[in-house]
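To start, the structure under review is shown below, and the notes come after it.
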Amino acid sequence: MLKNMIILELDYKGQIFVLYKIIHKRHAVLLFFSYSCYDTEMKEIFLSPYDPKSTESRIYELWEQSGFFNPDVCIEKGVTNADAEAFSIVLPPPNVTGTLHMGSALMLAIEDTLVRHARMQGKKTLWIPGTDSAAIATQARVEKDIQKAEKKSRHDLGREELQKRIDIFIEQNKSTMINQMRAMGSSLDWSRYAYTMDEKRYTAVMEAFVKMYEAGLIYRGNRIVNWDPKGQTTISDDEIVHEERKSFLYTFKYSKDFPISISTTRPETKVGDTAVAVHPDDTRYQAFVGKEYSINFCDSEIKIKIIADESVEKEFGTGALGVTPAHSQIDWEIADRHNLERPQVINEYAKMMAPGRLSGLKTTEARDEVVKWLRENDLLEKEEEVTQNIATAERTGGIVEPLPKLQWWIDVEKEFTIPHSNIPNIKSGDRTSLKKIMENSVGENGVSFVTERFEKQYMHWAKNLRPWCISRQIWFGHRIPVWYKEEEIYCGVNPPTETGWTQDSDVLDTWFSSGLWTFTTLGWPEKTKDLETYHPTTIIESGYDILPFWIARMILMSGFFLGEVPFKTVYLHGLVRDGQGRKISKSLGNNIDPVDMAEKYGMDAVRVSLIVGMSPGTDSKISEEKIRGYKNFANKLWNIARYVLTSTENLTDDTVELSPKDMEIKNELDAVITDVNRHFETYRIDMAFDTVYQYIWHRFADEIIEESKVILIGTDEALKVSRQKVLIHILETSLKLLHPFMPFVTEEIWLNLNKKNDRMLMVTKWPQ
RNA sequence: GCGCGGUUAGCUCAGUUGGUAGAGCAACCCGUUUACACCGGGUAGGUCACAGGUUCGAGUCCUGUAUCGCGCACCA
């Protein structure tokens, strides 16, 4: 009778009225009669299709109230042994400026799966939640909002007022973000929540800076930096995106008397030239090496020395390089080797500082002006169109202008004595450097990568490590704990007590504090129990796009401050793309919002859709159809539970031995468990899920249950009871195996299996 | 330029130490008889990018080519 009916329940005067809509081909007939559920054994909840909406928040509340997200509570309540193996993950803190997107949803789904699995295995399991202040992005966002609403710049507001506005903005966004993480079902230990700018973390960052400064690894120096004129700040090499553009390569001479022609794509910088470099072996120019020329170039008096340097390629252009030390990274290094002057000719607003006709022009205008001048003076020899990679700032899109600036740097090559070390090949008390720490931390007994190719990428990056510029000219962030008074410098966690000191106005690169994240979240610089128990963390899980930014910096920082690696394993996931494999972008309008999708299909379906077909390090696809498919799976499971429940109600004697056939079925399930465990060990959770999914749907439901229908109407009592026992066993095991992936629906079924005295599914023992 | 990946069914992807090619979605056909139509049963669909090599045997290992993508560096 119940088949082919859509059941609508109406609660009326304490009775439940049920509307059955009987489907008969295309005709629908409505019947109306009352049906009392209260007296029956069967849980009325199973009469309707699974409804994630009414379930999920209720279940999450139950979990949270139980306290089991906190490993200390698990030990206290006897769920975990006090001496169990530790398993810890720090959540890569999502940016407070945004809402949860599919990328963070994937991250949460993967990590929660790993964490729930570990917890059920009886490990002391800690997953630390956090949010990130994302200094530059946040400040830019708030400034933009203020500019739009009030037509004011940050300078109109002042540092303190801007800070206040940012704080308000962040408070609002933080709760949205945290609620969305909860909606995902994330079993994060909220009692250990950390925010990158909270008091504890702030102090820790200050402490870290001071320690590195005292070790001589942080220094202030005038070097060439990547300056973003649009964002008015320095940026690191990693924040640069190269864009291909068409431009012209000009070949010319500085003056009629100058013996060598040079080529450039940026003629406007040539007023800052102090040398022409040629290769030492280049016979064409050897006679001129060492000569100096004074020239009036486009209204600027310049002095050009001809030098020989190995870095010049004979074959490129004319084989001679005009050296502009102040506005080119390579030229700056050449100037180092040859002790050249470094006049700055472009300022922070990308405008010319040169005298005469170029004075005050934008660089692009100056370029035209210089070319015009060259033509007028008959100095331009060649003009060819070339495609060039131009450096732009990732955040603002501004064209990066290399400039010399006084900034704070971390010296990655400088040697220091490491007091304590667990890093492979580095012993306590050894002389070492940050670069050596980075190179040695990865490999046997150190950090291992789930996807091998990222290890190669990492090593490549570590080998080419350069001085790291850590100061940023913005207002929101961890302020550099350095004070100046005339010629004196003071560096300390607390400001100097006497008057007359002014603090450095810059803040730290956001990756400086992020690098400390695995241990500042565990209480460092204090020697806490958490730090001892959970560090190094078991695994770091994040998108592969931040490998150099974050993973590498954490290894560097943890190595320096703790003498150990920050994590044992690196699991990097790919980008989430749309159903056709395109990048998700605003212009394509192909964004799929995880929270919207969860409203429609349930969070379990969203989580699983993200995990299926995702192998570590490879981009994955998400589409609404896929999510719908897994909603159906949740419902399938729901109905399996309903069937097992109704057909085992009268199970009386559970001492009966299993029939040979049922024994076989049980062994088969054990093989599935082994497979799933093997996949978990290699972090192939996509395959682990697929194994469970295939088993439940196509073996358990399609075959075993179908078979059972015959057995259960039969007359052989022993066979019947045996089968009932096996059905219950398979259902319970399935729920356990599935729980890390689909925590809500499995917990809900578990709670309705009349197992009131048992633990919640999230802390039952994982099948072995 | 240097380094690293991918190329397997119409689409998206698995394929763990070499041993008869797999899944999901889509397509097509059939199914109103009690867990589920948010379902079931079935059908069709592949020179595993190409060329060569190792091997009794290659999607899997080696060499080369094509092509798409990623990372790093940048040529002034």
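The values are calculated or read from the model by the stated rules, or taken from the named source; none is laboratory data. Note that this is a predicted model, so its numbers are computed, not measured. All Cβ positions, glycine included, derive from the backbone under ideal geometry; neighbour counts span all protein chains shown. Accessible surface areas use protein heavy atoms only, side chains included; no ligands, DNA or RNA. Shrake-Rupley method; radii C 1.70, N 1.55, O 1.52, S 1.80 Å.
If you roll a 1.4 angstrom probe over the protein chains with everything in place, what fraction of the accessible area of the range A:250-385 belongs to carbon and sulfur, to the nearest %?
Numbers: 2900 of 6600 Å².
Reported share for carbon and sulfur atoms: 44 percent.
With the cut-off at 28 Å, tell me which of the pairs A:K405/A:K463; A:K144/A:K621; A:K200/A:K405; A:K211/A:K463; A:K414/A:K456; A:K77/A:K529 have Cα atoms farther apart than that.
Working: A:K405/A:K463 25 Å; A:K144/A:K621 33 Å; A:K200/A:K405 32 Å; A:K211/A:K463 25 Å; A:K414/A:K456 24 Å; A:K77/A:K529 19 Å.
Too far apart for the 28 Å limit: A:K144/A:K621; A:K200/A:K405.
Provide the per residue accessible area, probe 1.4 Å, for the range A:69-111, rounded to a whole number of square angstrom.
On a per-residue basis, 34 Å².
Taking all protein chains as present, what is the carbon and sulfur share of the accessible area of the range A:140-201, in % to the nearest whole number, probe 1.4 Å?
Working: 1740 of 3450 Å².
About 50 percent, which is the carbon plus sulfur part of the accessible surface.
Given axes a ≥ b ≥ c from the Cα gyration tensor, I'd like to know whether the range A:44-136 is rounded (a/c under 1.5), prolate (a/b larger than b/c) or oblate. Working shown, then result.
Numbers: a/c = 2.13, a/b = 1.04, b/c = 2.05.
Here the range A:44-136 falls in the oblate category.
With +1 assigned to the C-beta of every Lys and Arg and -1 to the C-beta of every Asp and Glu, and no other charges, what is the dipole magnitude of the range A:182-324 about the Cα centre in debye, to the nearest 20? Please report the intermediate quantities before stating the final value.
Values: 19 positive and 23 negative charges, 44 e Å.
Roughly 220 debye, rounded to the nearest 20.
Quick one: what are the phi-derived ³J(HN,Hα) couplings along the range A:74-91, Karplus 6.51/-1.76/1.60 with θ = phi - 60°, whole Hz, x for glycine and proline?
Computed from phi, the couplings for the range A:74-91 are 4, 5, 4, 8, x, 7, 10, 6, 4, 9, 5, 4, 8, 9, 9, 9, 9, 5 Hz.
Going 7 Å from the Cα of A:E649 toward and past its Cβ, which residues in the range A:726-753 have a backbone nitrogen under 15 Å from where you end up?
Within reach of a label on A:E649, which here means backbone N under 15 Å from a point 7 Å along Cα→Cβ, the range A:726-753 contributes A:753.
Probe 1.4 Å, all protein chains in place: accessible area of A:M554 in Å², nearest 10?
Spelled out: A:M554, probe radius 1.4 Å, area about 0 Å².
Quick one: work out Rg over Rh on the C-alpha atoms of the range A:300-392, Rh as Kirkwood radius.
Values: Rg = 14.6 Å, Rh = 15.3 Å.
Dividing the radius of gyration by the Kirkwood radius yields 0.96.
Show the residues, 5+ positions off or on another chain, whose built amide H is closer than 5 Å to the amide H of A:F567.
A:T537
Specify whether the C-alpha gyration tensor of the range A:640-700 places it in the rounded, prolate or oblate class, a ≥ b ≥ c being the square roots of the eigenvalues: rounded for a/c under 1.5, otherwise prolate if a/b is larger than b/c and oblate if not. Show your work: numbers first, answer last.
Values: a/c = 2.97, a/b = 1.85, b/c = 1.61.
In terms of gyration-tensor shape, prolate.
Once you have all Cα-Cα distances for the range A:699-768, histogram them in 5 Å bins from zero and send the whole-percent values.
Answer for the range A:699-768: a P(r) of 3, 15, 23, 20, 16, 13, 7, 2 percent.
Using only the Cα atoms of the range A:656-761, what do you get for the radius of gyration and for Dmax, in Å?
Calculated on Cα positions, Rg and Dmax stand at 14.7, 47 Å.
What whole-number value in cubic angstrom gives the convex hull volume per residue for the C-alpha atoms of the range A:510-642? Before the final figure, lay out each step's value.
On the way: hull volume 21.0 nm³, N = 133.
Convex hull of Cα atoms, per residue: 158 Å³.
Using only Cα atoms, locate the centre of the range A:630-661 and the centre of the range A:483-540, then give the distance between them in Å, rounded to an integer.
Result: 57 Å between the Cα centres.
Treating only the Cβ atoms of Lys and Arg (+1) and Asp and Glu (-1) as charged, compute the dipole magnitude of chain A about its Cα centre; round to the nearest 20 debye.
Numbers: 95 positive and 114 negative charges, 234 e Å.
Dipole magnitude for chain A comes out near 1120 debye.
Could you work out how far the C-alpha centroid of the range A:262-332 sits from that of the range A:694-719, in angstrom?
85 Å
Tell me the carbon and sulfur percent of the accessible area for the range A:625-755, rounded to whole percent, probe radius 1.4 Å.
Details: 2830 of 5530 Å².
Carbon-and-sulfur percentage of accessible area, whole number: 51.
What number, in nm² with one decimal, is the all-direction average of the projected area of the convex hull of the alpha-carbon atoms of the range A:145-209? Walk me through the numbers on the way to the answer.
On the way: hull surface 25.8 nm².
Mean projected area of the Cα convex hull: 6.4 nm².
Considering every Cα-Cα pair within the range A:364-448, what fraction, in whole percent, is farther apart than 16 Å? Show your work: numbers first, answer last.
Values: 2659 of 3570 pairs.
Tail fraction, whole percent: 74.
Among A:T715, A:V210, A:Y490, pick out the residue whose Cα is farthest towards the positive end of the charge dipole of chain A, where Lys and Arg carry +1 and Asp and Glu carry -1 on C-beta, about the Cα centre.
About the Cα centre, the residue reaching furthest to the positive side is A:T715.
Can you give the FRET efficiency to the nearest 0.05 for A:V656 and A:E452, using r as the Cβ-Cβ distance and R₀ = 35 Å? Before the final figure, lay out each step's value.
On the way: r = 51 Å, r/R0 = 1.46.
Result of the calculation: an efficiency of 0.10.
HN-Hα J couplings of the range A:658-664 from phi, Karplus 6.51/-1.76/1.60, θ = phi - 60°, integer Hz, Gly and Pro as x?
For the range A:658-664, the Karplus-derived couplings read 6, 5, x, 4, 5, 4, 4 Hz, x marking Gly and Pro.
Where does chain A land at 222 nm, in deg cm²/dmol rounded to the nearest 500, when only DSSP H runs of n ≥ 4 count, each adding -39500 (n - 2.57), divided by all residues?
On the way: 23 runs with 282 residues, N = 768.
Theoretical 222 nm ellipticity from helices: -11500 deg cm²/dmol.
Which of A:L100, A:V570, A:S191 sits farthest toward the positive end of the charge dipole of chain A, with +1 on the Cβ of Lys and Arg and -1 on the Cβ of Asp and Glu?
Selected residue: A:L100.
Kirkwood hydrodynamic radius, computed over distinct alpha-carbon pairs, for chain A: how many Å, to one decimal? Walk me through the numbers before you get to the answer.
Numbers: mean 1/r = 0.0327 Å⁻¹.
Averaging 1/r across every pair of different Cα atoms and inverting gives 30.6 Å.
Please turn the phi angles of the range A:610-619 into ³J(HN,Hα) values with the Karplus equation 6.51 cos²θ - 1.76 cosθ + 1.60 (θ = phi - 60°), one per residue in order, whole Hz, x for glycine and proline.
6, 7, 5, x, 10, 9, x, x, 10, 5
Compare the Cα positions of A:L380, A:P424, A:V507 along the charge dipole of chain A (+1 at Cβ of Lys, Arg; -1 at Cβ of Asp, Glu; about the Cα centre) and return the one farthest towards the positive end.
Towards the positive end, the residue furthest out is A:L380.
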